[in-house]
1. Every residue in segment B:464-482 that is under 27 Å from B:Arg539 (Cβ atoms) and hydrophobic (A, V, I, L, M, F, W, C), please.
2. Go through (1) surrounded by fewer than 18 Cβ atoms within 10 Å (Cβ to Cβ); (2) modelled with pLDDT of 85 or more for B:Ile324 and report which single condition fails.
3. I'm trying to understand the selection: among the residues of segment B:449-463, which are of a type in the set (A, V, I, L, M) and surrounded by 10 or more Cβ atoms within 10 Å (Cβ to Cβ)?
4. Examine segment A:293-312 for a residue that is among the small types (Gly, Ala, Ser), touching a helix residue (DSSP H, G or I) at 6+ places or on another chain (Cβ under 8 Å), within 14 Å of chain B (Cβ to nearest Cβ) and open to solvent by 10 Å² or more (accessible area, probe 1.4 Å), and state whether such a residue exists.
5. Identify, from the list B:Cys30, B:Cys16, the residue that is assigned to a loop (DSSP other than H, G, I, E, B), under 27 Å from B:Leu315 (Cα atoms) and open to solvent by 10 Å² or more (accessible area, probe 1.4 Å).
6. If A:Ser82 passes every condition in (1) without any contact (Cβ under 8 Å) to a residue 12 or more places away in the chain; (2) within 14 Å of chain B (Cβ to nearest Cβ); (3) open to solvent by less than 10 Å² (accessible area, probe 1.4 Å) but one, which one does it miss?
7. Sort out which residues of segment A:148-160 are touching a residue at least 24 places away in the same chain (Cβ under 8 Å) and touching an Asp or Glu at 6+ places or on another chain (Cβ under 9 Å), and write them in order of number.
8. Only one of these is free of Cβ contacts under 8 Å to residues at least 12 places away in the same chain and not aromatic (Phe, Trp, Tyr): A:Thr221, A:Thr249. Name it.
Amino acid sequence: MAHKTSGLSSCLDLWREKNDQLVRQTKVAQNLSLSLRRQQLVQDVLEGLRGLLHSLQGLPAAVSVLPLELTVICNFITLRASLAQGFTEDLATDIQRGLERVLETQEQQEAKLEHGLRGLWDSVLHVSSLLPELLPALHHLAGLQAALWLSTDRLGDLTLLLQTLNGSQSRASEEPLLLLKTWRPLAEESDGPLTLQDARSLRGVLLTAFAYRQGLRELITGSLPRALSSLHEAASGLCPWPVLVQVYTALATCLRKMGKPQRAMLYLVEAVKGESTWGPPLLEASRLYQQLGNTAAEIESLELLVEALSITHIPEAPQLLIEVEFLLPRPDPASPLHCGTQSQAKYLLASRCLQTRRAEDAAEHYLDLLALLLDGSEPKFSPPPCPPGPCVPEVFLEATAALIQAGRAQDALTVCEELLNRTSSLLPKRPRLWEDARKGTKESPHCSPWISAIYLLQGQAWVQLGARKEAVSEFSRCLELLFQATPKDKEPGPASSCEHGCTSDVVLQQLRAAALISRGLEWVASGQDNKALQDFLLSVQVCPGNQDASFHLLQTLRRLDRRDEATAFWQRLEAQTELPQEKATRSLPLYLETYLDWIRPPDRETLLEEFRTSLLKTCEL
Amino acid sequence: MAGLALRVEYLAGFCCPLGGLAAGKPRVLCHGAEIFLSTGSELVYVYDREGRLLTAVYKFPGQVWHLELQALGRALYVLCARSGIYCLSLDQAGRSMSQDGGSDRDDRDSEDGQVGEPPAPVIAVDPDACVLPDATLCAFVVLDNVLVTLAQGPSQWKMQLFECPCPGEDPRPGGQIGEVELSTCTPPSGGLGAPAAPHFLPVLCCASPPGPRVPRGHLQGPGAVTLEEALFGLLFGADASLLESPVILCGLPDGQLCCVVLKTLVTSRSAPGDPKALVKILHHLEEPVIFIGALRTEPLAEDTEDAHSDCLVALGHHGRTLAIKASWDELGHLVPELREYGVPGPVLCAACGEGGRLYHSTPSGLCVVGLAQGGGPWDPTQPSGAPGGLPSLLCPASLSVCSVVTLSVSSRAPEGGTELLALSAGGRLMTCSLDSHSEAPRPSRVSVVNAGRKIKELLSGIGTVSERVSSLKKAVDQRNKALTCLNEAMNVSCALLSSREGPRPISCSVTTAWSRLQLRDVLTATCLLENSSSFSLDRGWALCIQVLGSARALDLDSAGSAVTYTIPLDRLGPGGRREVTLPLGPGEDGSLDLPVTVSCALFYSLREVVGGALAPADRLKEPSSEEWPPGVLPEQDGVCLPLSEHAVDLLQCLRFPALAPSPLQAPGRPGPAGDPIHTFLETCRGPGSQLAGPESLRAKYLPPSVATVRVSAELLRVALGDSQAGVSLCPATLQWLLAENSTCDIVRTQALSSVQGVAPDGTDVHLIIREVSVTDLCPEGALQAVEIQLESASLANMCRAHHAVVGRLQRLVVQQAARDSSPPDLRLQYLHQIQANHETLLREVQTLRDRLCAEDEAGSRAPAQRLLQVYKQLRSPSLLLL
């Protein structure tokens, strides 16, 4: 019997030595740069740990060997998680195996298995009170379990585990953050087997990650004061710089939403002091300036953002430990901290310029963006801003609008030409279309609004160039497409990412009205008031909510000296204006919004005033 | 097949593992006169067509899964399993050859015994050539300046985009410029097990729109196609068309066909792509995707020169084929025309050729189908019914080249024809030239050169045919063998089932004996299978022995434990015997649940015999785990023929240490008797001393349980008469009772009428036989009877012995009744009384048992006592067996 024990202990020493050697080997690999050699070394360590675990678990579970076995499991999981850059569900089976081994020594494997891992943890921690020598390693494993549950968002299980770990006295507390703070993982003995990462540092990582996740969640759901305190907690923990930048940015977002721009600014200044990751704070700064109404500063921060994103960030070799980054939620485009890519930032900059009437800048930025997107010779790809932004054709249309706005009609025509060229194969075949139109086919081919919008903008460019005939023909072409389009039948047709967003009836209505008004204005300019009147009348019919059309109609009626009709129409209009003005441009694409600005009658109020006085005069007369 | 001219030319043979190459991993690529080839092993061969020799062999650290050529950069990219992607410069090949010529010769000799070419140097690839170390990579494709890889994550496929690392450059860690996760995948293995090699690799294909970026005539690998604008826009949307971005098509082993627009694959680690926005699922084939490609189905217009593909095709492993074309409906809409076909599977590999032809290889042969207008692959001039339409049905035409595991369309195609490079499962590299509009061979003047070429062609043809013949022959042989086996099995089954009476042609007898195994006494059963039929039991037959212990008496719910042993009979010819010895017990706890039933049966496994013939030919084994088409045979189908059933009861297991000729060789008691010290102590205590166990205590202080059975002496005498002549009745009865006991020779020699035996659990069992006369039963006076008295300190053993004795007597009575002997007159009155007594007793038993069930443990003691008493009375010798 004595012989047996000594055999076991010498085996135990051997296994322990193997574990320690593998851990030291990992530390060596850690210091190598990212290369094949490092990968091979780490892979060797992983295989070594796997083999060691195999030999340990090949024997019946024994209390004397279990601390080492659990430590090896912890090391194995730590290395796998750090290689995969995150926790995956299959690591749970490794943890489960370890727990079952603990229960095996107590001969109650079947206990509570139906409750899954949580039940297993309950039984194990219950048993382990009888086996104090297992506790340090079990706490370490529990830390890894907590990390796994944190990354898979199983907060209920996590809370229960922490409650059990903290003992029964704190069972009243339900707040996982508090539980995590009060949890004191038992230190592994100094002469115990080596670990890749000890339980205490794991707890620190968990604390920061948990606080940050919770803060972000509260920020998104809008409970700002709680978000602030959670984020403060995250910022006070030890965390790597890129994470700290994100925490500071989230704090700034929170403060901005709470109406404290000065304090928000302080955090942003702190965040951009680092060496990298300027994206999120710069984007947040632009939002802050936009809220403050400081357009110049807003545009400047967006320009900086574009520049910051053009620097390729070379990631360092990842640590072979569990890091805060692994436990953060997956980057989500809807998150306030998402700063996107360079072209997305560029698009934001360009569209903000267009919205704030900085036409020259907008045009330049749009042209840069198109070059970035289309230049194939560039070795680096830059993805288009879609989605959540507009689809690529709309970017082209916005660029055209910016160019027209900046007075560069010829360039605008070139952009439209390019757009038509590139999508020519997708457009309905023209000859057939004409044939069908002649035959009077009832059904009409589906055609995306952006295709008609190309002609609309082309027409406007011709207007600017003074080529009236071309303009009218483009508008007519546009109208023809628009009146064939039936927005209801979605398929078939070449789908684009913008199909879902803006094929609504509203867009179609506004496009039709815009095209009719534009053509009407051309008739007016060439003195064909009757034709103009027809178009204006039609535009009022297709889009009754559009007041611009009504004003143009009114003006034309007055010019044609059709007083009675004008009066009747004016009265209707007056009644309408007294109603609360609904915002017509709710969900319109930016190019259309810009376009509608161009065809707005410049002097609506004076016109109404004139009408009122002239009517009064006629009444007096 | 009219108009088809196929010319097969063998170029070289490469080593292949036993059983042939498996499909899925071998690759062959052609670049000018150079052919790059991997067979799924660690080696990549470079073969020069012009010189017809092997110019270089590269050895990689792991299995090679994929090859890609970047012609512009003159680089060869190699995916090595569990290691990563390596990049070799094509110009390097010649240089290294002269430098390293002759190295690693031993290696080559051992692995490359089959190559008929002059030996080429094996160059071990430097680990520094690894441009992308990643152990999880499963597929990749190279574009002009980017590398798209597909890695298998723990739960998802991950597509990554890297800047193309150039050969010789240091692998740059920051080269990754995009990443997106595809659909979920099942992990190769859970838990601790090292990940297994996937059966099917995913397939990648890069589809580009026509444009200035893709110069015409630009050499494209098999993984890159250029699609017509309309089809491209229809499949991938306006954004991709506008951006003129290449699109990566990805066919996964689960059958999913999805696409990612390359330019939208986002950069930066902080924002990996959103799968919902970036990945579009085109189709689901519901079987592993083997091939994705594109071809031109419509004849080119006169004025255009660009031959961009207008039809996308994807092939699944079981032959499901998807074809997508763009067409305009009558209103001018662009609509996708999507068709699914089925071609005979399993598909090993495929390639797209000129003229709308799709080549695919199955184990039985290389086939071609035409997707061009009109459907007829050999008749592109036929007027088509629906312009632009896909054929409604595919008719595969066999090219009579079998077992091709990888295909590639050669860039050196002759005018109007197609040249395929193929690697057969036997490791042979060949070119298949197809000439679609070849005229009938005209007799021409035969020049010497012509004749030489002609002969070569004929020889090649013969080679192809012979390879095909050998594979078909093998299949036929296998089927014949299976049929022969089935026939024999039928004969055996008929013989066994038809001989219900009389000796069976195949019999199995069971005997029991005690033997000492591993310091413990174990009761073993020896089954002797005798084949006295004229048939032999061949492969597929197995002897199944089921050992069924009886349920424990006190444990009413538990069924007896059953163990089944299956012993394959390799070959048991007529007259052959096979002996099998099995341990029956006692188990670890010293218990043996007697009586034990040993049933023997013959089992014939259809799976083992017929399976091979139904499965595809061996050497072209599919990479899938399933060995034959599902649904043909259920999991454990076979024929089961029961042979015999034998009950082992207590009487067969008794040992008689007291009678043993030498006391020194007395068998030790079961249990932990293995310890020599224990044995020593036991010997010291002397033969008179008793064991101190509870059983022996009970034996010492409690009166033994007793049961008696009375049998009419007449009955016994008649029954035993023939065998036990010359012995008085009592010893004869004892001998008869213990006939099946292997140790009963002693009883026989000593002619005992009482004997003390040891039961398997170590308690004593006393058997006493005496003659008595029964007076009050028969009106004619006293009847001579034999009383068998059973005594044991253990109630359980007494019951088992009683059960065994009664069982034997029952069989005896049944035999006698069959012989129709008339019983003597009986006093019916007396019999009635006995019956009435017994009935009251039985009723009492019933009520007591009901009470026992109803009451809890504490209250059940009294009824239990009473029950024992009643049982005792029931066993009391009031009834005589006549």
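1. Correct list: B:Val469, B:Leu472, B:Ala475, B:Val476, B:Ala482.
2. For B:Ile324, the failing item is (1).
3. Passing the criteria: B:Ala451, B:Ile455, B:Leu458, B:Leu459, B:Ile462.
4. Going through segment A:293-312, the residues among the small types (Gly, Ala, Ser) turn out to be A:293, A:296-297, A:301, A:308, A:310.
Now narrow it down to the ones that are touching a helix residue (DSSP H, G or I) at 6+ places or on another chain (Cβ under 8 Å): A:297, A:301, A:308, A:310.
Next, only the ones that are within 14 Å of chain B (Cβ to nearest Cβ) stay: A:308, A:310.
Now restrict to residues that are open to solvent by 10 Å² or more (accessible area, probe 1.4 Å): A:308, A:310.
Scanning segment A:293-312, I find at least one residue that is among the small types (Gly, Ala, Ser), touching a helix residue (DSSP H, G or I) at 6+ places or on another chain (Cβ under 8 Å), within 14 Å of chain B (Cβ to nearest Cβ) and open to solvent by 10 Å² or more (accessible area, probe 1.4 Å), so the answer is yes.
5. Exactly one residue qualifies, and that residue is B:Cys16.
6. Evaluating A:Ser82 over (1) without any contact (Cβ under 8 Å) to a residue 12 or more places away in the chain; (2) within 14 Å of chain B (Cβ to nearest Cβ); (3) open to solvent by less than 10 Å² (accessible area, probe 1.4 Å) leaves (1) as the failure.
7. Listed by number, the residues that qualify are A:Leu148, A:Thr152, A:Leu160.
8. Testing whether each residue is free of Cβ contacts under 8 Å to residues at least 12 places away in the same chain and not aromatic (Phe, Trp, Tyr) leaves just A:Thr221.
The values are calculated or read from the model by the stated rules, or taken from the named source; none is laboratory data. This structure is a prediction, so every number in the text was calculated from the model and none was measured. Every residue, glycine as well, gets a Cβ built from its backbone with ideal geometry; the counts of neighbours run over all protein chains shown. The area values use the complete protein model at the heavy-atom level, side chains included, leaving out ligands, DNA and RNA. Shrake-Rupley method; radii C 1.70, N 1.55, O 1.52, S 1.80 Å.
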